[in-house]
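Just below is one structure, and these are the notes that go with it.
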Amino acid sequence: MKLASYNNGRRDGQLMLVSKDLTKAVAVPAIAHTMQQLLDAWDLLNPQLQELYEALNAGMMDNVVDFDEAKCLSPLPRAYQWADGSAYVNHVELVRKARGAEMPATFWTDPLVYQGGSDCFIAPKADIEMASEEYGIDFESEIAVVTDDVKMGVDADNAAQHIKLLMLVNDVSLRNLIPGELAKGFGFFQSKPSSAFSPVAITPDELGDRWQDSKVHLPLVTHLNGDLFGRPNAGVDMTFNFSQLVAHVAKTRPLAAGAVIGSGTISNYDRSAGSSCLAEKRMLEIIADGKASTPFMRFGDTVRIEMFDDQDNSIFGSIDQKVVEYKA
């Protein structure tokens, strides 16, 4: 299935069932008004919704409208949990190498995860509002999964069954604020403002054989100011798959339905694939030339994040955002 949340003036939006080709949509209030309501009763409501999804794709439903990505909030406009990992250790390795730091051996066996703010996600077409360009504004192109209820201590093998939806992510990062925060030894906060998610969330079966081993085996395509920035394959060089990430997050706590777990920046060892964030490109420049030449985002800059199937059809719709100056 494909699902979205339309902006209806309420915090959690209106749940919409979206056709496979992203052209049609329909509200399903008889089943659930919001994405969270659906996730809270997934096992009960999913079969009913699947029947309607098949009818929608067959052109056999009433009250259908043309799907409009501009009307979408993030699929979960707010969530009980947003934990972002760093599953591509190549990316972490580059960060540390650029500043001359050794790579601890545990980074290959124990995932890195930070707990982000989940009370207010940015809509996929909404501006990224920032008070200053001096913060070092960066995008991070990622994938995230959404779970149902997960018991504390679940192992990776059993965690897979709790993954119900997939989304794309722009994990907005403020690079110039990160060093000062990490130096305090207490993790990210101000350096990780609100994230944005793709217009559409999908069930893993929509990917067919491109969903294997709890990984998405497709390129994630990022454009900066209209120019191709990177298209690394999300299924390549992913040290920890999504099942492992879910199990890691649930090691000491249960997860409520609607928990969002991110992959971290998609990164490949094949440099020809490009990058999924400015920081990584700057790191490669520092390693090669001794200094970074690519600037962080400025007011007016745009970023577009999208994934395509084997027929070049958009799967999740696109995250399209402009950085603008915040006006109080």
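For region 1-135, with all protein chains present and a 1.4 Å probe, just round the carbon and sulfur fraction of the accessible area to a whole percent. Please report the intermediate quantities before stating the final value.
Working: 3300 of 6840 Å².
Roughly 48 percent, rounded to a whole number.
Taking a 1.4 Å probe, which of ARG78, ARG11, ARG282 shows the most accessible area, and what order do the others take after it?
On the way: ARG78 95, ARG11 180, ARG282 60 Å².
Largest to smallest exposure gives the sequence ARG11, ARG78, ARG282.
So how far apart, in nm, are the two label points at ASP127 and TRP108 if each is 7 Å from Cα heading toward Cβ?
4.7 nm
Run the simple label-point estimate for ALA70 and ASP312 please: 7 Å along Cα→C-beta, distance reported in nm.
2.5 nm
In square nanometres and to one decimal, what's the mean projected area of the convex hull around the Cα atoms of region 26-132?
On the way: hull surface 44.3 nm².
One quarter of the hull surface, i.e. the mean projection, equals 11.1 nm².
Please give every one of the lysines within straight-line cross-link reach of LYS327, meaning a C-alpha to C-alpha distance under 16 Å, and leave out same-chain neighbours fewer than 8 residues apart.
Once the sequence-local lysines are set aside, nothing remains near LYS327.
Rounded to the nearest whole Å², what accessible area per residue is found for the chain with the 1.4 Å probe?
Working: 14790 Å² over 328 residues.
On a per-residue basis, the chain sits at 45 Å².
Could you let me know the centre-to-centre spacing of region 31-101 and region 218-287, using Cα atoms, in angstrom?
17 Å
Under 10 Å, Cα contacts only: if you run a Gaussian network model on the chain, which one of VAL303, VAL200, VAL28 comes out with the highest mean-square fluctuation?
VAL28
How much of the DSSP beta bridge set in the chain is antiparallel, as a percent to the nearest 5? Intermediate values should be presented prior to the final figure.
Numbers: 52 of 59 bridges.
Antiparallel bridges: around 90 percent, rounded to the nearest 5.
Enter the per residue convex hull volume of region 218-298, computed from alpha-carbon coordinates, in Å³ rounded to the nearest integer. Spell out each step's value before the answer.
On the way: hull volume 12.2 nm³, N = 81.
It is 150 Å³ per residue.
Which of the aspartates and glutamates could a cross-linker span from LYS125 if the Cα-Cα distance has to be under 15 Å and same-chain partners fewer than 8 positions apart are dropped?
Within reach: ASP68, GLU69, ASP171, ASP301, GLU306, ASP320.
What is the extension gain from ASP289 to THR302, computed as 0.36 nm multiplied by their sequence separation minus the C-alpha to C-alpha distance, in nm to one decimal?
Values: separation 13, 0.36 × 13 = 4.68 nm, distance 2.65 nm.
Between ASP289 and THR302, full extension yields an extra 2.0 nm.
Leaving out ligands, DNA and RNA, and with a 1.4 Å probe, what % of the accessible surface on region 285-326 is carbon or sulfur?
Accessible surface attributable to carbon and sulfur in region 285-326 totals 43 percent.
LYS215 accessible area, nearest 10 Å², 1.4 Å probe?
Roll a 1.4 Å probe over it and LYS215 shows about 40 Å².
Can you flag which of LYS164/LYS251; LYS184/LYS322; LYS71/LYS322; LYS2/LYS251; LYS24/LYS71 are past 21 Å Cα-Cα? It would help to have the intermediate numbers written out before the result.
Numbers: LYS164/LYS251 19 Å; LYS184/LYS322 31 Å; LYS71/LYS322 17 Å; LYS2/LYS251 30 Å; LYS24/LYS71 13 Å.
LYS184/LYS322; LYS2/LYS251, as the Cα separations exceed 21 Å there.
In angstroms, what radius of gyration and Dmax does region 193-243 have, counting Cα atoms only?
12.9, 34
How much mean residue ellipticity at 222 nm does the chain get from its helices, if each DSSP H run of length 4 or more adds -39500 (n - 2.57) and you divide by all residues, to the nearest 500 deg cm²/dmol? Before the final figure, lay out each step's value.
Details: 7 runs with 62 residues, N = 328.
Per the formula, -5500 deg cm²/dmol.
In nm, to one decimal, how far is the PHE186 label point from the ARG96 one, both placed 7 Å along Cα→Cβ?
2.5 nm
The values are calculated or read from the model by the stated rules, or taken from the named source; none is laboratory data. On a predicted model such as this, the values are computed, not experimentally measured, just so you know. Counting neighbours? That spans all protein chains shown, and the Cβs are built from the backbone with ideal geometry, glycine included. With ligands, DNA and RNA removed, areas are computed over all heavy atoms of the protein, side chains included. Shrake-Rupley method; radii C 1.70, N 1.55, O 1.52, S 1.80 Å.
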